[in-house]
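Below is one structure; the comments refer to it alone.
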Amino acid sequence: MKVERKLIHFDVNRNKTVSYRDVTWEEIRRARDAELAQTDWRAVKDRSMSQAWKDHRQALRDLPEHESPNDAADNWPESPE
């Protein structure tokens, strides 16, 4: 569940314009927590998790280390799947 900043607009002549919105830390945390919750089943004791998934989940936990919420959204970790 990536936080999307890109906004695409079309005028009456179908000309495309791209702009970016600012996001908040609250949006980042909500999306991060949702993605971690969706992948919790991979972290149960009787299942071995691949290193790629361990790295991905750690990258999600590390998102608040970015300087701004926009940086966190722009550097959202890609899912191994």
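Values quoted throughout were computed directly from the atomic coordinates according to the rules given, and no laboratory measurement underlies them. Everything numeric here is computed off the predicted structure, so don't read it as measured data. In this analysis, Cβ positions are derived from the backbone assuming ideal geometry, glycine residues included, and neighbour counts consider all displayed protein chains.
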Item to check | Calculated P(r) of segment 6-74 - Cα pairs past 16 Å, % | outcome: 60
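Could you line up Arg14, Arg21, Arg57 from fewest to most neighbouring Cβ atoms inside 10 Å? Working shown, then result.
Working: Arg14 6, Arg21 11, Arg57 19.
If I rank by nearby Cβ atoms, fewest first, I get Arg14, Arg21, Arg57.
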Checklist entry - If you line up the long axis of helix 51-61 against the longest principal axis of the chain, both from Cα atoms, how many degrees apart are they, to the nearest 10? => result 60
Next on the checklist: With n ≥ 4 as the cut-off for DSSP H runs, can you work out [θ] at 222 nm for the chain, using -39500 (n - 2.57) per run divided by the number of residues, rounded to the nearest 500?
Outcome noted: -12000 deg cm²/dmol
Next on the checklist: Cut-off under 22 Å on the C-alpha distance; same-chain residues fewer than 8 positions from Lys45 excluded. Which lysines are left, in chain and number order?
Outcome noted: Lys54
Checklist entry - In degrees from 0 to 90, rounded to the nearest 10, what is the angle of the helix 25-39 Cα long axis to the longest principal axis of the chain? => result 40
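Just rank Thr39, Thr17, Thr24, fewest to most, by other beta-carbon atoms within 10 angstrom.
Working: Thr39 17, Thr17 9, Thr24 12.
Ordered from fewest to most neighbouring Cβ atoms within 10 Å, Thr39, Thr17, Thr24 come out as Thr17, Thr24, Thr39.
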